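> Got a structure here, written out as structure tokens. Questions coming.
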Amino acid sequence: MGLFDVHAHLTHPRLLPDVGDVLDRASQAGVTRVISNGLNLDDNEAVRALASEDARVRPAFGLYPVDAVLPEMHEAGVDYVREPDE
């Protein structure tokens, strides 16, 4: 039985360019599956694509809480812009 990483953000801009190496190092350490979590609709699509390309990755689709309530925040007058690498 291998190890599972149950919460990873493999599509983060700092990891995605080297995601193959990241997964290879995880495999070498005994990790057999990585649950890659999405944060928003675009990120969920990137997670889906990554999981379809690499059997070690399992997708977990979701909405980051700020993204889920962003329209309501704007309606309430909260001026919040999330940076792309957050």
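> State the extension gain, in nm to one decimal, for the chain segment bounded by residue 21 and residue 35, taking 0.36 nm per residue of separation less the distance between their alpha-carbons.
Values: separation 14, 0.36 × 14 = 5.04 nm, distance 1.63 nm.
Residue separation times 0.36 nm, minus the Cα-Cα distance, leaves 3.4 nm.
> Going toward the positive end of the dipole of the range 1-65, with +1 on Lys and Arg Cβ and -1 on Asp and Glu Cβ, which of 6, 20, 59 do you reach last?
It is 6, whose Cα lies furthest towards the positive end.
Each reported figure results from applying straightforward, stated rules to the coordinates on display, with no laboratory input. No experiment lies behind these values; they were computed from the predicted model shown. All Cβ positions, even for glycine, are placed from backbone atoms using ideal geometry, and neighbour counts span all protein chains on display.
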